1. Kindly indicate the residue of segment B:473-489 that is under 17 Å from B:Thr520 (Cβ atoms) and more than 10 Å from every other protein chain (Cβ to nearest Cβ) and also least open to solvent (accessible area, probe 1.4 Å) among those meeting that condition.
2. Counting just the residues of segment A:520-543 that are touching a strand residue (DSSP E or B) at 6+ places or on another chain (Cβ under 8 Å) and within 14 Å of chain B (Cβ to nearest Cβ), which one comes out nearest to A:Leu450 (Cα to Cα)?
3. State the number of residues belonging to segment A:458-467 that are open to solvent by 50 Å² or more (accessible area, probe 1.4 Å) and in contact with a helix residue (DSSP H, G or I) (Cβ under 9 Å, 6 or more places away or on another chain).
4. When residues of segment A:408-431 are filtered for being open to solvent by less than 40 Å² (accessible area, probe 1.4 Å) and at pLDDT below 90, how many remain?
5. Given the criteria surrounded by 23 or more Cβ atoms within 10 Å (Cβ to Cβ), farther than 15 Å from B:Thr46 by Cα and more than 9 Å from every other protein chain (Cβ to nearest Cβ), does A:Val284 qualify?
6. Considering (1) in contact with a strand residue (DSSP E or B) (Cβ under 8 Å, 6 or more places away or on another chain); (2) away from chain A (no Cβ under 12 Å); (3) among the acidic types (Asp, Glu), say which one B:Glu436 fails and leave the rest.
7. In segment B:220-243, is there at least one residue being more than 8 Å from chain A (Cβ to nearest Cβ), within 30 Å of A:Thr108 (Cβ to Cβ) and touching a residue at least 12 places away in the same chain (Cβ under 8 Å)?
8. For segment A:214-237, name all the residues that are open to solvent by 30 Å² or more (accessible area, probe 1.4 Å) and not in a helix (DSSP H, G or I).
Amino acid sequence: MKALLSLRPWLGVLAERRGRLLLGAVLMLATLLSALGLLSLSGWFITATAIAAVSASGYLDVFTPGGGIRFFAVSRTVSRYLERLYNHDTILRLLADLRGRVFARLVTLDARTLARARASQWLNRLTADIDTLDNLYLRLLAPPLVALISILAFAAFAAAFLPIAGIVLLAVLLPLGLVATAGCAWWGWRASHRRVDRQERLRVRAIEQVEGLAELTSYRALDAHRALWHREERALLDDQRRLGQRTATGNLVVTVGIQLATLAVLLLGLEAFRSGQVSGPVMVMLALGTLAVSEGLGNLPMAFTQLGATVRAAERLNAQAELKTPLTGERLTSGGAAPSLSYRNVEVAHGARVVFSGLNLSLDPGQRIGIIGASGIGKSTLAQLAVRAFDPQGGRVEFDHQDIAGLAPDSLRARIGYLTQRSELFHDTLAANLRMGDPDASDAQLWDALERVELKAWAEALPEGLETWVGEQGRQLSGGQARRVALARVMLRDSPLVILDEPLSGLDAATAASLATTLDAWLAGRTALLLGHDEAALPRCDRYWRLVPGKQGTQLLG
Amino acid sequence: MKQQAAGVRPWYRGAVGCGLLAGLATLIQMGALAWVVDDVVSNQATLGDVAIGVALIVIAIAARALAQWGQEVCGQACGLRVKQQVRARLLVRLQQLGPVRLASRHSAGLASQLVDQVESLEGYYSRFLPQMVLAALIPLVYLVVVFWLNWLAAIWLLIAAPLIPLFMALIGMGAQRLNEAQFQAVTRLSGHFLDRVRGIATLQLFGLAERSVEEVSEVAHDYRRRSLKTLRVAFLSSAVLEFFAAVSVAVVAIYIGLGLLGYIQYGPAEQLDLFSGLFILLLAPEFFQPLRTLSQHYHDRASALGAAEGLVSLLEPDADEAAPAECDRSDKTASRELVPGAVELVNVELRHAGRERILGPLSLRIDTGEVVALIGPSGSGKSSLLQLIAGFIAPSAGQVEVRRDPAIAWLDQRPLIIQGTLADNLRLVAPDASDESLRNALTQAGLGQWLASAPGGLETPLGERGVGLSGGEGQRLALARVFLSPARLVLLDEPTAALDPETEQHVIAGLTQLAASGRTLIVATHHPAIMAMAGRVFAIEQGRLSRVERSADARETNS
């Protein structure tokens, strides 16, 4: 029961569109009542005509019921079509909004929180989890409600003719509804709750197999990895089989219940007819009506055995909402001149591991400082602190003498050009990747930037030039080309403070040397923090500091 | 897609058989129901008189429910097996395509094909296919019964029936086309999301977070509009069916009613009584029920066909794919003569479709135990040459001869890190390795200290894309695999690209050990230390190899 609470925020989202949802439910009800009207009125009509034929008078008004039958025939079709179209539109509208909203929350998270969650799990949250939630209204909320209303209404209608029939209807159909909803949900809970995660694990294995195919095939390790894949697949299929069997059993119970209820109403009606309590036509009408009204229960077992999956999807989305709150602050107001940057008594720990304790470093306006250190020692951490990817546990980082903990990350980052250690390119065109640095850059400016990183000749030789797609994570480019595209992107940004993390990695010696010269000129007049494993791996700097392991985290040595 | 049915035929037949049984049970139930009502209303029979009829109804209900259960369970077994078969074939296919051709595809898109699109085949095999047979057979049985009761009523039903498949076929064709478009949209959508989510940190740095939210939302809305178009047509097909079903029931009801009253003098109307009238009325909706069920499953068919389109195009060979077979052949014929670890290239050429760069023609023989360095500006084709030797791509001309047994060790620029423990990641290349040899390999790769500080030791969990490992550490883990692997031939693409000098020394020492143990090393590198270690150094310029001669001193001090 407690698990159902995780649906609350999403019910809240549904409530924002309650007008549409209500209209959708009304259309559903109209469809069910039309079917009910069609079948029961036809039964009534045929029985009435049969009786009229053998009775003395032989007269019956055929026009009113005939018109009614025709009306229900048309209204059933029309309301069903409208209902399905309208409700699916509502749901898709909701889903599209939700996707945007979930992503909007993701982009405000800080770098360390982002590193904790994994990329394809997020993909799954964004698409599959939200898609799973569409069950909430269309399968789980509206149908039981409509079934309940129509059962109550028909029971009252039946009770007007034959009270005992109304009571029997409620006594059989209400518990049956409970079995089809709560019962099936309980029975399918574990398997369906697990299924979402199992499908996700299978997807992760698929991605591993695609991305790691080079290593897996050359090491002949593909079979070993396949064994992992098959284990996940078997677990998923077992769950699906179990759910399918339970759904089938739920359907069996509901079918038997509905048919027995119909039989019971018929037998009661027959008894009442013989004692003269009800007429023949009414008796037949009640039995057929029971059959029709029970249609509303038919799809419930299938929907409710899957309730666990819906709740699991909601739980995962909720967990994401509980990740840290975004960083905020005031807008940075200082001008565009080269700023100073200083770290004062900075303390950072990754879990139990102390990275910095009491670190001090300052860059004067226009000064160029090189930080040398082994990989994993904390160079990138220095850079992330400067762009306020996260806040230090102690001490402060100042941009132009303002503590950046009080600045809005966006306005701070707008002054900083930061080349990250990994060249992060997007599955888009070369031009689009470059324009991330300057959305308003003209094609000529893009070509200039490419020329500076010595990629102009290469790009001109491409059949599609700037419009060439770079592939997922820039895989269509070589490592060195991707590095230089990323560098060109930072140069286009033209910012007063520049941070370059291993700017020349992956380049051959000749290209590296000439790019170092280009960078040396470009960095003039800017404050710059350059990070590398070696002085030779960086353009010339005013001063170098060395990061070395110390007793209390990493220390700076001059 | 049809071939998939072969292995699952018994289950498929079981589903159809159970469905037929359910249809017959329904017939008996309705007949008994009409008889009971007629006997009581027309002949004033007591409930005791009709006890047999009531018992028959109860038995028919039970039989019907059980048969439906059987149909569902058999159908599902059929669907699950098909999914398993298709996934197995797709995995084999991915292997055939090889890492280089896969590099141009989006891994998330492929994963969604492998998992989610295959998932959408299930409904087609478990529900739609059996129901298609039932939708033809069951109405026929009912029609015969109604015809026997009253041929004119049967004709009313018959008039509506043939129109239905016609309409559905027309509408179905449109729905299928739209469904294919929708699947493309889903694949693109998931690729787009994964790409943007992975790069969120970069988007934040460039202040593009808000703009990309709009973009993501726009893509999602585009998906909605596409879906809705599909649904509008899909729903129309079932609406047409519903309409005919409802009108037919209404017409039959009015015909029977008027016939009973004696208003219709034509045909068999006079023979109608309450039993036959009620029986026909009860059968009329049941006559359409299998078709209605089929149309509910039409969605299954459309999505399965849409998915199948993409899956088939993945399974079918591309135009430029004759090459790998050729490569395999040369592999089999020639490699027997080669010692493990040796490599021979004969007049090899390589052309990338749509790109300028051409490799070759080049010939090269590398003996077991040699260390060869490949140098050249980035993009010159160093990686391509390694890929040729590894067999990931086939030469456009010439022959590559390598023995792939026991294995080739490969160090990627983006190392694979699977979800699992550190040990799982290492044992991938040597399933029987002891903990001790895992530790040794890690130490040789310069991860000894990291291992000592890792909380769970070898059982420390690593995530997708190496969460918990820095870039350099990931590369060192991949190096540890090289040390662990029994491979005689080791291909390394920029092994020191992201390493600091200290680790670099570890790695180079390790590589020297590898070479000393008699393994062949072919390294694409810019690093002077590795070049110095190499017996031969080749520069790649304009796709051609040229030997780089170094002073004898340099070689001696390093060998």
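The values are calculated or read from the model by the stated rules, or taken from the named source; none is laboratory data. Everything quoted here is computed from the prediction, not taken from an experiment. All Cβ positions, even for glycine, are placed from backbone atoms using ideal geometry, and neighbour counts span all protein chains on display. Note: areas computed on protein heavy atoms with side chains; ligands, DNA, RNA excluded. Shrake-Rupley method; radii C 1.70, N 1.55, O 1.52, S 1.80 Å.
1. So the residue we want is B:Leu479.
2. Looking at residues that are touching a strand residue (DSSP E or B) at 6+ places or on another chain (Cβ under 8 Å) and within 14 Å of chain B (Cβ to nearest Cβ), I get A:Leu538.
3. Within segment A:458-467, residues that are open to solvent by 50 Å² or more (accessible area, probe 1.4 Å) and in contact with a helix residue (DSSP H, G or I) (Cβ under 9 Å, 6 or more places away or on another chain) number 4.
4. Pass one, segment A:408-431, residues open to solvent by less than 40 Å² (accessible area, probe 1.4 Å): A:408-409, A:411-413, A:416-420, A:423-426, A:428-431.
Filter once more, keeping what is at pLDDT below 90: A:408-409, A:411-413, A:420, A:423-426, A:428-429.
The total comes to 12.
5. In short, no.
6. Evaluating B:Glu436 over (1) in contact with a strand residue (DSSP E or B) (Cβ under 8 Å, 6 or more places away or on another chain); (2) away from chain A (no Cβ under 12 Å); (3) among the acidic types (Asp, Glu) leaves (1) as the failure.
7. Checked against the condition, which is being more than 8 Å from chain A (Cβ to nearest Cβ), within 30 Å of A:Thr108 (Cβ to Cβ) and touching a residue at least 12 places away in the same chain (Cβ under 8 Å), segment B:220-243 yields at least one hit.
8. A:Arg220
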